[in-house]
1. Could you list, in sequence order, the residues of segment 158-174 that are more than 19 Å from Arg194 (Cβ to Cβ) and among the hydroxyl-bearing types (Ser, Thr, Tyr)?
2. Quick check, is Leu53 over 20 Å from the mean Cα position of the chain (by Cα), in contact (Cβ under 8 Å) with a residue 24 or more places away in the chain and not assigned by TED's automatic domain parsing to the domain that holds Ala131?
3. Out of everything in segment 197-224 that is within 14 Å of Ser101 (Cα to Cα) and charged (D, E, K, R), what residue ends up being surrounded by the most Cβ atoms within 10 Å (Cβ to Cβ)?
4. Say whether the condition of being more than 30 Å from Ile99 (Cα to Cα), in contact (Cβ under 8 Å) with a residue 40 or more places away in the chain, crowded, with 22+ Cβ neighbours inside 10 Å and not aliphatic (A, V, I, L, M) is met by at least one residue in segment 140-161.
5. In segment 17-39, what count of residues is obtained for those that are over 13 Å from the mean Cα position of the chain (by Cα) and not in a strand (DSSP E or B)?
6. Which condition from (1) hydrophobic (A, V, I, L, M, F, W, C); (2) surrounded by fewer than 22 Cβ atoms within 10 Å (Cβ to Cβ); (3) modelled with pLDDT of 95 or more is the one that Ala91 breaks?
7. Which condition breaks for Gly42 when tested against (1) assigned to a loop (DSSP other than H, G, I, E, B); (2) buried (at least 24 other Cβ atoms within 10 Å of the Cβ)?
8. Only one of (1) surrounded by fewer than 21 Cβ atoms within 10 Å (Cβ to Cβ); (2) within 24 Å of Asp186 (Cβ to Cβ) fails for Gln68. Which number is that?
Amino acid sequence: MAHILLACALAASAAATAAAEDVLKVAVPQRGAWDAGIPELGQRGGIFAKHGLKLEILYTSAGPESIQALIAGGVDIATASGVSAAFGTFAKGAPIRIIGSEIVGAPDLYWFVPAASPVKTIEDFNGKTVAFSLTGSSSHAGLLALIAQYHLNVRPTSTGSIAATITQTMTGQVDVGLARCPMRSDMAADGRIRIIASGNDVAALRTRSGRVNLTNLATLGRPQGLLKRFIAAYEGEQSTGCIPIRRRSRSTPISQKAGERDRARARAHSEGQRGRPTKWSASTRSWPRAIQNKFLAAPLTKDQLTDLIRASELQ
């Protein structure tokens with residue numbers, strides 16, 4: 001009888017705990033990328049549960065797709081979305097707000113070619129089709145910055161998800177592919193692809209927020225403790241501590257097998273990712289480039305920026 005009573009008590013306790021958890025629907029782009037893995041890994045590790053949250057994760061092909069889901073109300077939060085898309089969409093009247101910087105720079109982005117490609121250097125991109133995911137994504141902004149820095153004459157080509165981009169690159173539909181660490185690092189390790197450049201090669205990307213976390217007005221209007229708990233879990237040492245686990249398990253084959261140049265690339269990606277991905281690095285620096293790249297028609301006013309960027313009030 002005592003055992004039965006104990007079992008009932010434990011079941012009741014578990015049910016009460018589950019009932020106490022608030023559910024947040026979160027859109028995450030490019031499943032398998034290091035920084036985008038924080039919601040899934042934090043959920044698996046019970047970190048969000050410690051803050052009374054349960055995440056329902058929707059994976060998308062890129063940040064702009066996540067933003068559309070956020071505008072439609074299908075999700076409460078969109079993580080790792082390109083800052084250019086965020087600025088441009090807000091300027092058009094979309095009910096979205098920035099709740100934090102997701103990553104500084106773009107150290108995880110890399111451009112690659114099949115092993116047999118004649119492309120050897122960044123300058124060889126001239127005249128070629130070069131992949132990015134979707135318009136307004138961090139990969140799009142990264143490519144445009146790469147073009148500007150190296151004065152390239154290329155044909156930017158939207159290829160969707162990383163999986164689709166890999167297929168299109170390996171079958172010759174685009175000349176230069178794009179991926180994010182550690183995705184397809186095994187192909188660099190066994191020599192099927194060659195890494196030509198990374199986000200670390202683009203000076204304009206290094207000191208500004210490359211991706212941001214967003215919410216919509218409906219979620220912002222819920223009790224603020226909800227978003228504060230999400231941010232605390234997301235930014236906490238335990239949550240970001242999940243990232244090195246994946247990095248070590250996926251990057252080891254590169255260091256063992258790849259050529260010297262690709263090993264150096266892999267180390268650069270890893271080192272770039274070790275900074276806290278949620279460190280805020282003045283997204284206000286990003287809008288001039290958003291104008292240059294035609295994501296924004298005019299600068300945002302001070303009042304607009306204050307309305308858009310809500311990170312400080314949620315700390």
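The values are calculated or read from the model by the stated rules, or taken from the named source; none is laboratory data. Everything numeric here is computed off the predicted structure, so don't read it as measured data. Here Cβ is always computed from backbone atoms with ideal geometry, including for glycine, and neighbour counts include all displayed protein chains.
1. Going residue by residue through segment 158-174, those that are more than 19 Å from Arg194 (Cβ to Cβ) are 158, 160-161, 163-164.
Correct list: Ser158, Ser161.
2. Working: over 20 Å from the mean Cα position of the chain (by Cα): yes; in contact (Cβ under 8 Å) with a residue 24 or more places away in the chain: yes; not assigned by TED's automatic domain parsing to the domain that holds Ala131: yes.
In short, yes.
3. Residues of segment 197-224 that are within 14 Å of Ser101 (Cα to Cα), as a first pass: 205-215.
Narrowing further to those that are charged (D, E, K, R): 206, 208, 211.
Details: Arg206: 16, Arg208: 19, Arg211: 29.
Restricting to residues being within 14 Å of Ser101 (Cα to Cα) and charged (D, E, K, R), the top hit is Arg211.
4. No, the conditions are met nowhere in segment 140-161.
5. 5
6. Status for Ala91: all satisfied but (3).
7. The single condition Gly42 does not satisfy is (1).
8. (2)
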